[in-house]
Amino acid sequence: GLSVYNQQAATTEDPYMLILKLYEGLIKYLSFIENAIEADNIEEKFEYINRCIAIFDELRNILDFDGGDVAYYLDGLYLYQIETLFSAGLENNLGSIAQVKKVVQGLIEAWKEETGL
């Protein structure tokens, strides 16, 4: 029952809020990646890297390329973050994870400013 409720809430909720929640989910999972690297937990690290990549893929899938150059910029930015996460996972690079987190924080701030959330 709960999953049906969550699906209905997701489809009826404000799409701008959904994008904000995706960005916030990235921040949460990036923190989990940092913790997993520090704890030398390889399985958990890649689980959360995969979740972040899935969110970036979803963000890429909902871009409106008819809307102008911003979609192309974001697509490239998201792809770069995916590549950075993958490399950071292989190298246990906390600095790269922090950089992705900084980019996502910037996206959150820009999105809130743009949408008034």
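In this Cβ point-charge picture (+1 for Lys and Arg, -1 for Asp and Glu), the chain has a dipole of about 180 debye about its Cα centre. Once the Cα-Cα distance is subtracted from the 0.36 nm per residue extended length, the residue 73 to residue 50 segment shows a gain of 6.0 nm.
Between residue 24 and residue 99, what is 0.36 nm times their sequence separation minus the Cα-Cα distance? Round to one decimal in nm.
Values: separation 75, 0.36 × 75 = 27.00 nm, distance 1.54 nm.
Going from the current span to full extension adds 25.5 nm.
In this simple spin-label model, placing a label point 7 Å from the Cα along the Cα-to-Cβ direction at both residue 61 and residue 83 gives a separation of 2.3 nm. For the chain, carbon and sulfur atoms together expose 52% of the accessible surface, with a 1.4 angstrom probe and every protein chain in place.
Based on DSSP H runs of at least 4 residues, each adding -39500 (n - 2.57), what is the mean residue ellipticity at 222 nm of the chain after dividing by all its residues, to the nearest 500 deg cm²/dmol? Mind dumping the intermediate values first?
Values: 5 runs with 100 residues, N = 117.
Helix-only estimate at 222 nm: -29500 deg cm²/dmol.
The values are calculated or read from the model by the stated rules, or taken from the named source; none is laboratory data. Predicted model, so just to flag it, every value in this text is computed and none were measured. Counting neighbours? That spans all protein chains shown, and the Cβs are built from the backbone with ideal geometry, glycine included. Just so you know, the surface numbers come from the protein's heavy atoms only, side chains and all, with ligands and any DNA or RNA stripped out. Shrake-Rupley method; radii C 1.70, N 1.55, O 1.52, S 1.80 Å.
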